[in-house]
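What follows is calculated from the coordinates using simple rules that are stated; it is not laboratory data. Computed from a predicted structure; not experimentally measured. FYI the Cβ positions are ideal-geometry reconstructions off the backbone, even for glycines, and counts take in every protein chain you see.
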Amino acid sequence: MKPITFAIAATTLLSLACSGEMGDMGLNSLVDVSVEPAGDNCAAGGQRIDTGVDDDGDGSLDAEEIDSTAYVCDGEMGEMGEMGGG
């Protein structure tokens, strides 16, 4: 395709894509991170990550809006090493 033809085609496509009306605003996705105590989900504790869509638009992730939960767990404490002199 010749450079001039390509430029005209690109300009035409761009003007067509930008000529429509804006649609309605969508809903926001939210992420809530909280401390997860030691227990069934994380033996040594960690972080709980809840995600979902702000269905009511209040800017906070309510319990009924949580779509997914994941855990990032802390590792178990290792053995203490010996302090060497020297």
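Residues whose amide H falls under 5 Å from that of GLY52, counting only those 5 or more places apart or on a different chain, are LEU30, ASP67, with hydrogens built in the peptide plane.
Mean silhouette area of region 22-77, derived from the convex hull of its C-alpha atoms and averaged over all directions, reads 4.7 nm². Using the Cβ-Cβ distance between ASP67 and MET22 with R0 set to 30 Å, the FRET efficiency from 1/(1 + (r/R0)^6) comes to roughly 0.65. Our coupling estimate for region 24-29, obtained by passing each phi through the Karplus curve with A = 6.51, B = -1.76, C = 1.60 and θ = phi - 60°, is 5, 5, x, 8, 8, 8 Hz, Gly and Pro reported as x.
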